[in-house]
Amino acid sequence: MGASILSDLGTEILIPVCAVIGIAFSLLQWVLVSKVKLSPGRDPGSPRNNGAGGKNDCADYLIEEEEGLNDHNVVLKCAEIQSAISEGATSFLFTEYQYVGIFMVAFAILIFVFLGSVEGFSTKSQPCTYDQSKICKPALATAAFSTISFLLGAVTSVVSGFLGMKIATYANARTTLEARKGVGKAFITAFRSGAVMGFLLAANGLLVLYIAINLFKIYYGDDWGGLFEAITGYGLGGSSMALFGRVGGGIYTKAADVGADLVGKVERNIPEDDPRNPAVIADNVGDNVGDIAGMGSDLFGSYAESSCAALVVASISSFGINHEFTPMLYPLIISSVGIIVCLITTLFATDFFEIKAVKEIEPSLKRQLIISTVLMTIGIGVVSWVALPSSFTIFNFGDQKVVKNWQLFLCVAVGLWAGLIIGFVTEYYTSNAYRYLALMMLFIFLVSSSILIDFNTSCALSCSPVQDVADSCRTGAATNVIFGLALGYKSCIIPIFAIAVSIFVSFSFAAMYGIAVAALGMLSTIATGLAIDAYGPISDNAGGIAEMAGMSHRIRERTDALDAAGNTTAAIGKGFAIGSAALVSLALFGAFVSRAAISTVDVLTPKVFIGLLVGAMLPYWFSAMTMKSVGSAALKMVEEVRRQFNTIPGLMEGTAKPDYATCVKISTDASIKEMIPPGALVMLTPLVVGIFFGVETLSGVLAGSLVSGVQIAISASNTGGAWDNAKKYIEAGASEHAKTLGPKGSDPHKAAVIGDTIGDPLKDTSGPSLNILIKLMAVESLVFAPFFATHGGLLFKIF
């Protein structure tokens, strides 16, 4: 069927070189960020010392004088606050990782025991699963290497999250200080810091996976089926750590956020991030452990799982059967090219175009998505041409389906562009200043004319859904909640259509492998997506530091503008994560069905249907647990904040300092305690169902959780994002409509704060964690599939 143009040697050079370039670029961005000093001292040539300073020194001096700032005091204060945030975040993560480390070791032992017992811990070679005429490595080897790859994935996920947190806490105060020089300087600092995390995570994930494959190949030799079955543990390790990071970090940040908002804003009528609020440091710490560390681990898990799903299917297709190394590593080559594309895209934000006004921030971030998508489409075309034969076969549930290289290009491209559509639809439903109204109205009309109700309510034609939600605050919190819930439910429609089209096109062309590479296409620009995502919490922290350091109102306005753009782009990032999770889970589901030797999944079979019902229920059970966990932790936080305001003399007057440490401890203790039950639910469900009810029922559970979980995740994330930006829309008062709802402290504003508080656990805890639930259960089922197929279904065997 022909050979690929790119040689195997070229592939062996291309992948690690691209990964190293990504790491080097991230380090360069870190060096540029580190040039912003958190020291009040000046160079000897500074104008304040001997007048011999350079041009930049003079410029800085004039700006500081213009802002009326005492440079020494402000910088020292920013450094002190940054240190407190960094210490709190580091302390929490180390505490969390101690518990997670115990789980990691215990689950690694479980993987080895369960998979090793498939053939009675035999060390003899055995007939291959997919081709009985060939001899493959023993099950004990698969157990050992699956355990190693699980630990590799887990450690890489933990390191990714931790590095992201350290980078964010390193950059937050620097962003604040750069805001004195203008919004453009602050934007570049925040975005470069996000890029450090994005490129480090993408490059490290790729490099570790590539090295693991080559090391495992030394033992497995020509048994590529066994090799890539063992590699699936990498995805399981990544997602299992991401689950605890997302849930634990989400509970931490929202407990602090809810406590700070309810008592500070609603009861005491003080500004957000006011240093008098005892929960303010815990709130800023939470941004880093939840939105940065948790999100980094989450997207790393998606990347690892989509790669593993594609590699497993490819290993039993013509690529693996004929030992075609370059086509086999097609998923990794896509990710390698994605790093280069994202590098070029980043330069558009940091070097090619300068941000000169607040209104340019959000368009610049959106440009990143569009540019990376367009360039990546070209990159995918080139990769599909040089790395794939003109024709090949893909495993399709027992058969081999003939596929052309242009068809596989379309599979990846449709996933890539579906991600962009989902991102911009998410932006439409969560942004308070939508600018592409005509195009979106046409697109929405083509999908469902009922959505046009959004444009015919109390707002004029130019209103976005978020402005509609803000307008509903006129009549109180109840109508705000009603409008927000309706917005979230409605926001599911277009993303689900986009995911459905992606699935249909990719499966039609290349079966389950097509779906896996479509998910990889959606994640191919992960470095840019992470940079944009991490930018938001860094900007949020920068605003908090500006408030706590007592900087001028102008500085706070600049950081608020950065933060508002970050909120919208964070919602876009969540949309990408959820969309990719749906495709990844379906690809893993297909690989599980193949590995468990299930011929058909018939929903009319009682075994499958009961699994379908239970699976559809699980996201609700999981969401209930995480929401209640946030509520319980927030209750303790509210009580503590009230106690301090009532018992510390001079706290409201600003003459006494609050006890920040107690609030940090409340969030830490609550999140560590409360993350265990939801995590246990997700990790134990596949094991219990597979062992006691068998692979058919488990296939129903996976399908049900996928269908239900995606809808809830989208609606929860968008509802929370809309409530958050509705509150910010009122606070900013940037339009005549917004001014009629404000100012801060008005009844509509208080109603908006209540809506935002309700939405916090939806958008930052339950919603983001659900995409991990559907991915993690699928990849766990895939890893344990041989054990379930051999020893599972105990209850049905007994009865």
Do we find that GLN368 is closer than 24 Å to ALA202 by Cβ and either without any contact (Cβ under 8 Å) to a residue 40 or more places away in the chain or not aliphatic (A, V, I, L, M) (or both) in this structure?
-> yes
For the stretch 296-311, state whether one or more residues are within 18 Å of VAL17 (Cα to Cα) and not polar (S, T, N, Q).
-> no
Exception for THR142 within (1) under 15 Å from GLU229 (Cβ atoms); (2) at pLDDT 90 or above; (3) crowded, with 23+ Cβ neighbours inside 10 Å falls at (2)
Quick one: would you say PRO331 is more than 22 Å from the chain's Cα centre (by Cα) and modelled with pLDDT of 90 or more?
-> no
Before we move on, is ILE598 in a helix (DSSP H, G or I) and either crowded, with 21+ Cβ neighbours inside 10 Å or hydrophobic (A, V, I, L, M, F, W, C) (or both)?
-> no
Set GLY679, GLY709, GLY694: member being within 28 Å of ASN480 (Cβ to Cβ) and of a type outside the set (Ser, Thr, Tyr) = GLY709
Residue match in the stretch 95-106 (condition: assigned to a helix (DSSP H, G or I) and either at pLDDT below 60 or touching a Pro at 6+ places or on another chain (Cβ under 9 Å) (or both)) = no
Boolean, THR169 is crowded, with 22+ Cβ neighbours inside 10 Å, under 20 Å from GLU362 (Cα atoms) and not aliphatic (A, V, I, L, M) | no
From the list VAL289, VAL383, VAL337, which residue is within 16 Å of ASP533 (Cβ to Cβ) and hydrophobic (A, V, I, L, M, F, W, C)?
-> VAL289
PRO677 is checked against (1) closer than 30 Å to GLY233 by Cα; (2) open to solvent by less than 50 Å² (accessible area, probe 1.4 Å); (3) at pLDDT 90 or above and fails just one. What number does that condition carry?
-> (2)
Check the stretch 761-778 and report whether any residue there is surrounded by fewer than 22 Cβ atoms within 10 Å (Cβ to Cβ) and in a helix (DSSP H, G or I).
-> no
Looking at this structure, is ARG246 modelled with pLDDT of 85 or more, open to solvent by 10 Å² or more (accessible area, probe 1.4 Å) and not aliphatic (A, V, I, L, M)?
-> yes
In the stretch 148-159, which residues are within 30 Å of GLN82 (Cβ to Cβ) and either touching a His at 6+ places or on another chain (Cβ under 8 Å) or open to solvent by 10 Å² or more (accessible area, probe 1.4 Å) (or both)?
-> VAL155, THR156, VAL158, VAL159
Considering each of THR373, THR346 in turn, give the residue that is within 22 Å of ALA519 (Cβ to Cβ) and either of a type in the set (Val, Ile, Thr) or without any contact (Cβ under 8 Å) to a residue 40 or more places away in the chain (or both).
-> THR373
What pairs come up if the first residue lies in the stretch 548-561 and is on the phi > 0 side of the Ramachandran plot, the second is assigned to a helix (DSSP H, G or I), and their beta carbons are under 8 Å apart, counting only those six or more places apart or on different chains?
-> GLY550/VAL74; GLY550/LYS77
Go over the candidates ILE148, ILE218 one by one and state the one that is touching a helix residue (DSSP H, G or I) at 6+ places or on another chain (Cβ under 9 Å) and in a helix (DSSP H, G or I).
-> ILE148
ASP261 vs (1) closer than 30 Å to THR326 by Cβ; (2) open to solvent by less than 10 Å² (accessible area, probe 1.4 Å); (3) of a type in the set (Asp, Glu): all pass except (1)
Hey, LYS727 hits all of (1) surrounded by 24 or more Cβ atoms within 10 Å (Cβ to Cβ); (2) farther than 26 Å from LEU635 by Cβ but one; which does it fall short on?
-> (2)
Residue in the stretch 183-190 that is of a type in the set (Lys, Arg), in contact (Cβ under 8 Å) with a residue 40 or more places away in the chain and either closer than 27 Å to ALA79 by Cβ or not in a helix (DSSP H, G or I) (or both) present = no
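Each row is one residue, and each column tells you yes or no for (1) of a type in the set (Asp, Glu); (2) modelled with pLDDT of 90 or more; (3) under 16 Å from THR765 (Cα atoms); (4) exposed (fewer than 14 other Cβ atoms within 10 Å of the Cβ).
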{"site": "VAL614", "(1), (2), (3), (4)": "no, yes, no, no"}
{"site": "PRO619", "(1), (2), (3), (4)": "no, yes, yes, no"}
{"site": "THR626", "(1), (2), (3), (4)": "no, yes, yes, no"}
{"site": "ALA633", "(1), (2), (3), (4)": "no, no, yes, no"}
{"site": "PRO649", "(1), (2), (3), (4)": "no, yes, no, yes"}
{"site": "GLY654", "(1), (2), (3), (4)": "no, no, no, yes"}
Under 15 Å from VAL469 (Cβ atoms) and either open to solvent by 10 Å² or more (accessible area, probe 1.4 Å) or among the acidic types (Asp, Glu) (or both) - does that describe any residue in the stretch 707-714?
-> no
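The values are calculated or read from the model by the stated rules, or taken from the named source; none is laboratory data. Here the structure is a predicted model, which is why all the values come from computation and not from measurement. Neighbour counts run over all protein chains shown; Cβ positions are idealised from the backbone, glycine included. Calculation scope for accessible area: heavy atoms of the full protein, side chains included, ligands and nucleic acids excluded. Shrake-Rupley method; radii C 1.70, N 1.55, O 1.52, S 1.80 Å.
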